[in-house]
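We did not get these values from a lab; they are worked out from the coordinates using the rules stated. Everything quoted here is computed from the prediction, not taken from an experiment. Here the Cβ positions follow ideal geometry from the backbone for every residue, glycine too, while neighbour counts run over all protein chains shown.
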Amino acid sequence: MKPTIVMTGATHGFGLEAARHLAASADTLVLMVRTPERGTSLAKKLAGEHPDLKVDLIPGDLSNPESAQSFVETVKARYPRIDALVNNAGAVFLSKQVDAEGRSLNRRVNFLAPAQICLRLHPVLPPGAVVVNTSSMGEAKGEFAVAALEAGSLDQADYSQAKRAFLMFTLAMARRWAADSIQVRAFHPKMVVPDNQVPAWVLKLLRATVFQSTQAVGASLAAVIMNPGTALYQTVGQKSAMPSRGARVEADQDRVFAYVDSLTI
């Protein structure tokens, strides 16, 4: 039976490439869409290429707590079982911007909202389901004390801290949910350069180093979803990735998980 896959961040970048790969293997792609025009355009393209595929566009904005909650409730109402959950959406806010509750958008979009989506969709994830959360090389710079997170005194504008926290949450979730036979993986996209943003000769030079194309990263993300392997943290080509030293302490990972579990979206 082909899977039902729920995905955020599928309308552009390597998330779009991943969605194109997944469309060939899925029964249903459930996509969170913040921009309806992009979602509709993608759905038409995927449906044209795969006539048997169902694409369900559900409005959702990770920066808005009510919108994220509505997305979760809609998914649960429509789908009593989902086979894969992919939290790929993210954004970098360079200035200190906050949501209606006063939490920074970096923390909201890159950590709190996707982590809460995981927890709230847990009841519809059966044994054998896969959860993949996209990480970032920025987490290596996200130094913070877990106590500061718990006390609410974490630097509100720091993207790196948010990505560090989300990676730690994901690693804790992987250990905890293994008892339910749910496979949780963190995915590291390395450094991605979209083809249309730099000259071809620059692309060729960059790809000879650490930079990756959107196509390569999207294909790797889709591969982890369809075949999670055994490594909890993976990167392009399904190679194992190494969390930064500050993200490896399991006791701190569990505290981050507990912090998220104590909150609402």
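Numbers below:
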item	result
Pair S181, S262: separation of 7 Å Cα→Cβ label points (nm)	3.4 nm
Most mobile of Y233, Y159, Y79 in a GNM of the chain (Cα contacts under 10 Å)	Y79
Counting DSSP beta bridges with both ends in the chain, the antiparallel % (nearest 5)	10 percent
Spin-label model distance (nm) - T40 vs E143, 7 Å beyond Cα toward Cβ	4.9 nm
Mean separation of Cα contacts under 8 Å (6+ apart) over length of region 1-155, as relative contact order %	22 percent
Extreme residue, positive dipole direction of the chain, given options A174, S136, A148 (C-beta unit charges)	S136
Percent RCO, i.e. relative contact order, over region 67-174, from Cα pairs under 8 Å lying at least 6 residues apart	33 percent
Candidates Q253, Q97, Q238, ranked by Gaussian network fluctuation over the chain, Cα under 10 Å, top entry	Q97
Cβ-placed point charges (K, R +1; D, E -1), dipole of the chain about Cα centre in debye, nearest 20	520 debye
Relative contact order %, the chain, counting alpha carbon pairs below 8 Å whose residues are six or more apart	20 percent
Förster-model FRET efficiency, 35 Å R0, E73 and R245, C-beta, rounded to 0.05	0.35
Q238 versus E66: modelled label distance in nm, points set 7 Å from Cα along the beta carbon direction	4.4 nm
Positive dipole terminus of the chain, leading residue within G15, V86, L31 (C-beta point charges)	G15
